[in-house]
1. Taking B:ILE155 as the residue in question, decide whether it is under 13 Å from the mean Cα position of the chain (by Cα), closer than 25 Å to B:GLY87 by Cα and of a type outside the set (Phe, Trp, Tyr).
2. Residues A:SER34, A:SER5, A:SER52: which one is facing chain B (nearest Cβ under 10 Å) and closer than 28 Å to B:PHE194 by Cβ?
3. Take the residues in region B:174-231 that are outside any helix (DSSP H, G or I) and without any contact (Cβ under 8 Å) to a residue 12 or more places away in the chain; name whichever of them is surrounded by the most Cβ atoms within 10 Å (Cβ to Cβ).
4. Right, B:LYS115: in a helix (DSSP H, G or I), surrounded by 14 or more Cβ atoms within 10 Å (Cβ to Cβ) and among the basic types (Lys, Arg) or not?
5. State all residues of region A:64-74 that are closer than 10 Å to A:LEU32 by Cβ and either without any contact (Cβ under 8 Å) to a residue 24 or more places away in the chain or assigned to a loop (DSSP other than H, G, I, E, B) (or both); if no residue qualifies, say none.
6. Within region B:11-43, can you find the residues that are touching a strand residue (DSSP E or B) at 6+ places or on another chain (Cβ under 6 Å) and within 14 Å of chain A (Cβ to nearest Cβ)?
7. Pick from A:ASP37, A:ASP106: which is part of a helix (DSSP H, G or I), modelled with pLDDT under 95, within 30 Å of B:GLU191 (Cβ to Cβ) and among the charged types (D, E, K, R)?
8. Specify which of the listed residues (A:ILE61, A:ILE13, A:ILE17) is within 28 Å of B:GLN165 (Cβ to Cβ), surrounded by 14 or more Cβ atoms within 10 Å (Cβ to Cβ), away from chain B (no Cβ under 14 Å) and within 12 Å of the chain's Cα centre (by Cα).
Amino acid sequence: MNFDSGLPIYMQIVEIIKARIVTGTLERGEKLPSVRDMATELKVNPNTIQRSYGELEREHIVFTQRGMGTFVTEDESVLKSLKATMAREKMISFMVDMEQLGYTRDELPGILEEMIVEGK
Amino acid sequence: MDNIVEIRGLTKRYDRKEALKNIDLSIEKGKVVGILGPNGSGKTTLIKLLMGLLHPNKGEIKIDGESPGIHTKSVISYLPDRNALYGWMTVKDAIQMFQDFYQDFDLGKSEELLKFMKLDKDMKISNMSKGMKEKLNLAMVLSRRAKVYILDEPIAGVDPVARDQILDAIIDNYKEDSAMIITTHLVRDMENIFDQVVFLGDGEIILSGEAENLREEKNMQIDDLYKEIFG
């Protein structure tokens with residue numbers, strides 16, 4: 001895997017794991033792959049994965065049980081707010097992109113409405 | 001301090017040309033260090049000094065607390081930048097040679113690695129492609145339970161499939177109680193496995209640090225930084 005942005009790799013992996021949790025690839029309470037397996041999958045140094053897991057733990061998105069591994073939190077409210085945060089980030093980046101294309105914010109609801117109708 | 005390698009004020013001259021100038025470098029156990037630089041930057045000279053194949057004009061090297069010599073050779077597992085095995089050998093012969101030479105050679109580990117690399121034990125080295133030779137050499141080197149692994153250009157000139165297998169083997173064989181020193185100019189392919197990187201140019205350390213800190217500080221990946229420094 002190539003990590004292209006200017007962000008440290010551990011932060012990019014944090015985002016990958018968050019996306020897996022929000023999309024349900026990793027379920028509530030599910031065990032994350034071991035640090036080693038994740039390192040092999042993403043082809044990065046195990047220390048980097050360790051740091052990503054540490055960061056997710058600091059954000060209370062995962063928890064570690066000694067000798068058992070790292071698990072996705074069972075706390076529904078944490079998962080809800082994670083989903084909301086990710087949705088918000090996507091919306092902001094969408095709005096920024098549209099503004100760069102020359103649309104004003106006021107025009108966005110109309111465009112979205114049209115798209116939704118078309119998609120049906 | 002858990003530094004397995006300590007280099008202080010290291011200088012090496014060939015005639016009047018300084019191949020390495022006043023190099024300082026500390027490497028902790030459990031770290032993977034990338035030595036990055038174009039050809040002629042001093043990477044190979046540094047490795048030869050670590051291996052005790054050359055002697056410094058100034059400065060010192062300590063590996064596992066000792067200067068390069070009999071002890072340090074026994075704790076370093078070294079992958080040279082070219083095939084170090086004889087063409088008449090089969091994979092079996094290579095295993096036998098490593099077993100005879102190195103007390104820390106782990107036969108079980110070598111079987112596992114050869115299987116992973118999909119190398120047939122009866123195959124003759126002279127019949128192998130460059131990628132296969134590289135995989136075999138690496139499998140032998142990683143089968144030793146060493147304190148320091150030195151890999152000189154491990155993926156240079158190999159096909160993409162072999163390159164991925166080599167990277168996987170390196171990641172899978174990462175050990176918390178040993179260090180890995182890897183030289184490369186193929187930064188894009190390898191940067192994700194480094195904890196620490198050292199940019200070597202014209203025999204000097206131009207920049208060094210934790211890879212993740214450098215990404216954050218410079219707001220770019222190590223490969224982009226490499227291109228900025230040497231491009």
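1. yes
2. A:SER5
3. If we take residues in region B:174-231 being outside any helix (DSSP H, G or I) and without any contact (Cβ under 8 Å) to a residue 12 or more places away in the chain, then B:MET220 is surrounded by the most Cβ atoms within 10 Å (Cβ to Cβ).
4. Criteria not met by B:LYS115.
5. Answer for region A:64-74, where residues must be closer than 10 Å to A:LEU32 by Cβ and either without any contact (Cβ under 8 Å) to a residue 24 or more places away in the chain or assigned to a loop (DSSP other than H, G, I, E, B) (or both): just A:THR64.
6. B:ILE27, B:GLU28, B:LYS29, B:LYS31, B:VAL32, B:VAL33, B:GLY34
7. A:ASP37
8. From the options A:ILE61, A:ILE13, A:ILE17, the qualifying one is A:ILE17.
The values are calculated or read from the model by the stated rules, or taken from the named source; none is laboratory data. The structure displayed is predicted, hence computed values, not measured ones. Neighbour counts are summed over all protein chains in view; Cβ atoms, including those assigned to glycine, are modelled from backbone coordinates with ideal geometry.
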